[in-house]
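A.B. asks: This is the structure I want to talk about, given as structure tokens.
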Amino acid sequence: MVTAVEAYRDCTARYAKMSELSFWYDGTHVDSLISYFTPADQGRISVHIEKESRSRTHLGAFAKLTSMVDSRPRIDEDRPSRVAIDDEQDALTDQFLTGYRMPLQEDRRFLFDRFTPVDVVRQVVGVASVGMRVYLVLLEGRSGSDPLFLQVKQAAPSVYEPCLGPSRHDNHGGTGDRHQAGAANRDRHVRRLGLVPG
């Protein structure tokens, strides 16, 4: 019993120092999977996991995509891939975030409400999204060092719809697509961006 109480105390102290997203995702550890590999491969796999875990996260995206401007983080322009939209920013951010927040489950809405919008840019992404409106929104947690990126993408009919008929889902996706996107409505998908190709 003492061990359980000590573990609870230690976890509570550790959680008090964590960022919002680190706390939310705590408990997802891949280290336990290494034992399934052969001893000859375990070292190589460990190095790979460690390298990827440092670079392909929301913090990696933040380091790669932003700079400090007037003491505030701003998403870097990289024309034509990322273009600032200052004149439209406030209205677009409010529209995106309200539409994203509403369908979230209560626990996720509680987490989301702990973030404040900081910047938004128009973004050009992969071949499948050519011609669609895509935006990248940067939000910041309470600590000021806890970034959250959301990608907002215009929804469009699937290329399969002419052959298979219209989707029964308003967002042109399926239940799996809705789950993967995080939240969606009739004309856009919103998903958390944490993995930055590169």
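The values are calculated or read from the model by the stated rules, or taken from the named source; none is laboratory data. On a predicted model such as this, the values are computed, not experimentally measured, just so you know.
A.B. asks: Filter the range 71-95 down to the residues that are of a type in the set (A, V, I, L, M, F, W, C) and modelled with pLDDT under 80, then identify the one that is nearest to the chain's Cα centre (by Cα).
C.D. replies: Start the filter on the range 71-95 by keeping residues that are of a type in the set (A, V, I, L, M, F, W, C), which leaves 75, 83-85, 91-92.
Going one step further and asking which of them are modelled with pLDDT under 80, we end up with 91-92.
On the way: Ala91: 21, Leu92: 18 Å.
Filtering the range 71-95 for residues that are of a type in the set (A, V, I, L, M, F, W, C) and modelled with pLDDT under 80, the one nearest to the chain's Cα centre (by Cα) comes out as Leu92.
A.B. asks: Out of Arg168, Arg108, Arg122, Arg114, I need the residue that is modelled with pLDDT of 75 or more and in a loop (DSSP other than H, G, I, E, B). Which one? Working first, answer last.
C.D. replies: On the way: Arg168 fails: modelled with pLDDT of 75 or more; Arg108 fails: in a loop (DSSP other than H, G, I, E, B); Arg122 fails: in a loop (DSSP other than H, G, I, E, B).
The match here is Arg114.
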